[in-house]
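The values are calculated or read from the model by the stated rules, or taken from the named source; none is laboratory data. The structure displayed is predicted, hence computed values, not measured ones. For neighbour counting, all protein chains shown are included, and Cβ atoms are generated from backbone atoms with ideal geometry for every residue, glycine included. Keep in mind that these areas ignore ligands, DNA and RNA; they rest on the heavy atoms of the full protein, side chains included. Shrake-Rupley method; radii C 1.70, N 1.55, O 1.52, S 1.80 Å.
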Amino acid sequence: MRARLTSVRELAPLTYHFEFLSLEWEARFVPGQFLSLTEIIGDNDITRAYSIASPPDGRQFALCANLVEGGRFTPHLFSMKPGDEVDFTGPWGSFILRRPASDSIFVATGTGIAPFRSMLPAALAAHPDRKFTLIFGARHQHGLLYDAEFRALAAAHPNFAYQPTLTRCPPEWSGCTGRVQAHVIEAVGERRDLVVYICGMREMVDDLRAQLKALGFDRKQIIYERYD
C-alpha cells in the first residue's frame, strides 16, 4: 500500500511527528498496533516498523520517530517533504488494550510513547470506570513528547493520571525525577490486579518486567513492546 506525507513537525531535537494519508487503506487498526514502511535505498529494500501514534481517523495516521545516526531508513524518512509517498504494510502487532479492561499503568520512555498516544484516548472514552496512569520518562524536559496533550487528557478525565519523570531535570522542574521503574513500583503499591503496559528500549522494558514478576505479577498482566 501507499501513503502520502501530509505534514511533519519537530517534537524535540532529532525527533519528528509525521502525518500521513493512506491512498488505499482505511485506518482500521487497533490502537497500539504498528505499520512497516518500506523503501528502496541504494540497491536494497529497507523495511522498518513504527508504532502508530494517532487514534484511528479515516485514512490518516501518524508516526513518531528519532533520527538514527548512521541509520538506513530514518535519514530517508526525515528527508521526506509533504507530498512525498512511501510504501507500507499493516497494521500489525498485539500491543493493544486487553479485554476486559482493567485498571492499568502505561509506561513509556522516548518514542515508546507513540502507541499510548493512540491507545489512551480510546481507552478513556470507552472505560470511564477504570483508572489509568501514564508514567513517561525522558532525560530532558524537551523529551517529554506530546506533553501538553497528556496534561490536557489528565485535566479532562478524572480517571487518568499523567506522571512525567526526568533523569536530567532543570532547576525549575517540580515534577518526578529518576527512572520510570521506581515510579511504577511505587504506583503499583500493594495492588496485584493491575495490567502494566510497557513500551521503550530493551533495558528498561526487561528490567521493569523482572521487577514486576518478582512482586508476583503474572506474565499475562505485563504487556510490552521493545524498540530494539
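Out of segment 209-228, which residues are of a type in the set (A, V, I, L, M, F, W, C) and assigned to a loop (DSSP other than H, G, I, E, B)? Steps first, answer last, please.
Here is the first cut: in segment 209-228, the residues of a type in the set (A, V, I, L, M, F, W, C) are 210, 212, 214-215, 217, 222-223.
If the condition is that a residue be of a type in the set (A, V, I, L, M, F, W, C) and assigned to a loop (DSSP other than H, G, I, E, B), then 215, 217 are the ones that fit.
I need the full set of residues from segment 47-73 which are β-branched (Val, Ile, Thr) and either in contact with a His (Cβ under 6 Å, 6 or more places away or on another chain) or modelled with pLDDT under 95 (or both), in order please.
Once the filter is applied, which keeps residues that are β-branched (Val, Ile, Thr) and either in contact with a His (Cβ under 6 Å, 6 or more places away or on another chain) or modelled with pLDDT under 95 (or both), segment 47-73 yields only 68.
Quick one: is residue 133 closer than 18 Å to residue 205 by Cβ, open to solvent by 10 Å² or more (accessible area, probe 1.4 Å) and touching a Cys at 6+ places or on another chain (Cβ under 8 Å)?
The answer is no for residue 133.
Filter segment 136-151 for residues that are outside any loop (DSSP other than H, G, I, E, B) and open to solvent by 60 Å² or more (accessible area, probe 1.4 Å) and give the result. Reasoning before the result, please.
Going residue by residue through segment 136-151, those that are outside any loop (DSSP other than H, G, I, E, B) are 136-138, 141-143, 147-151.
Scanning segment 136-151 gives 141, 142, 148, 149, 151.
Which of the residues spanning segment 26-55 are part of a loop (DSSP other than H, G, I, E, B), surrounded by 18 or more Cβ atoms within 10 Å (Cβ to Cβ) and of a type outside the set (Gly, Ala, Ser)?
29, 31, 33, 55
Going by the conditions given, is residue 113 under 23 Å from residue 219 (Cα atoms), open to solvent by less than 60 Å² (accessible area, probe 1.4 Å), outside any strand (DSSP E or B) and at pLDDT 95 or above?
So residue 113 passes the test.
Might you check whether a residue that is in contact (Cβ under 8 Å) with a residue 24 or more places away in the chain, closer than 22 Å to residue 223 by Cα, among the acidic types (Asp, Glu) and open to solvent by less than 70 Å² (accessible area, probe 1.4 Å) occurs anywhere in segment 101-108? Walk me through how you get there before you give the answer.
First, pick out the residues of segment 101-108 that are in contact (Cβ under 8 Å) with a residue 24 or more places away in the chain: 101-108.
Imposing the further condition that a residue be closer than 22 Å to residue 223 by Cα reduces the set to 101-108.
Remaining after also requiring among the acidic types (Asp, Glu): 103.
Then keep just the ones that are open to solvent by less than 70 Å² (accessible area, probe 1.4 Å); that gives 103.
Yes; the residues of segment 101-108 include at least one that is in contact (Cβ under 8 Å) with a residue 24 or more places away in the chain, closer than 22 Å to residue 223 by Cα, among the acidic types (Asp, Glu) and open to solvent by less than 70 Å² (accessible area, probe 1.4 Å).
Can you name the residue in segment 143-180 that is aromatic (Phe, Trp, Tyr) and touching a residue at least 40 places away in the same chain (Cβ under 8 Å) and is also farthest from residue 110 (Cα to Cα) among such residues?
We begin by selecting, within segment 143-180, every residue aromatic (Phe, Trp, Tyr); these are 146, 150, 160, 162, 173.
Narrowing further to those that are touching a residue at least 40 places away in the same chain (Cβ under 8 Å): 146, 160.
On the way: 146: 11, 160: 20 Å.
Ranking the qualifying residues of segment 143-180, first place goes to 160.
Failed condition for residue 95, given (1) over 20 Å from residue 212 (Cα atoms); (2) touching a Cys at 6+ places or on another chain (Cβ under 8 Å), with all others met?
Looking at each condition in turn, residue 95 falls short on (1).
Please specify each residue of segment 65-93 satisfying the condition of being within 20 Å of the chain's Cα centre (by Cα) and either over 26 Å from residue 24 (Cα atoms) or touching a residue at least 40 places away in the same chain (Cβ under 8 Å) (or both).
If we filter segment 65-93 for residues that are within 20 Å of the chain's Cα centre (by Cα), which is where we start, we get 65-68, 73-74, 77-78, 88-93.
65, 66, 67, 68, 77, 78, 88, 89, 90, 91, 92, 93 - these are the residues of segment 65-93 that are within 20 Å of the chain's Cα centre (by Cα) and either over 26 Å from residue 24 (Cα atoms) or touching a residue at least 40 places away in the same chain (Cβ under 8 Å) (or both).
Can you confirm whether residue 9 is under 15 Å from residue 114 (Cα atoms), open to solvent by 70 Å² or more (accessible area, probe 1.4 Å) and not hydroxyl-bearing (Ser, Thr, Tyr)? Lay out the reasoning, then the answer.
On the way: under 15 Å from residue 114 (Cα atoms): yes; open to solvent by 70 Å² or more (accessible area, probe 1.4 Å): yes; not hydroxyl-bearing (Ser, Thr, Tyr): yes.
Spelling it out, residue 9 is indeed under 15 Å from residue 114 (Cα atoms), open to solvent by 70 Å² or more (accessible area, probe 1.4 Å) and not hydroxyl-bearing (Ser, Thr, Tyr).
If you take the residues in segment 167-199 that are among the hydroxyl-bearing types (Ser, Thr, Tyr) and assigned to a loop (DSSP other than H, G, I, E, B), which one is nearest to residue 114 (Cα to Cα)?
167
Restrict the check to segment 197-215 and report whether at least one residue is modelled with pLDDT of 95 or more, out of contact with any Phe, Trp or Tyr (no Cβ under 8 Å at 6 or more places or on another chain), under 25 Å from residue 149 (Cα atoms) and open to solvent by less than 30 Å² (accessible area, probe 1.4 Å).
Checking segment 197-215: at least one residue is modelled with pLDDT of 95 or more, out of contact with any Phe, Trp or Tyr (no Cβ under 8 Å at 6 or more places or on another chain), under 25 Å from residue 149 (Cα atoms) and open to solvent by less than 30 Å² (accessible area, probe 1.4 Å).
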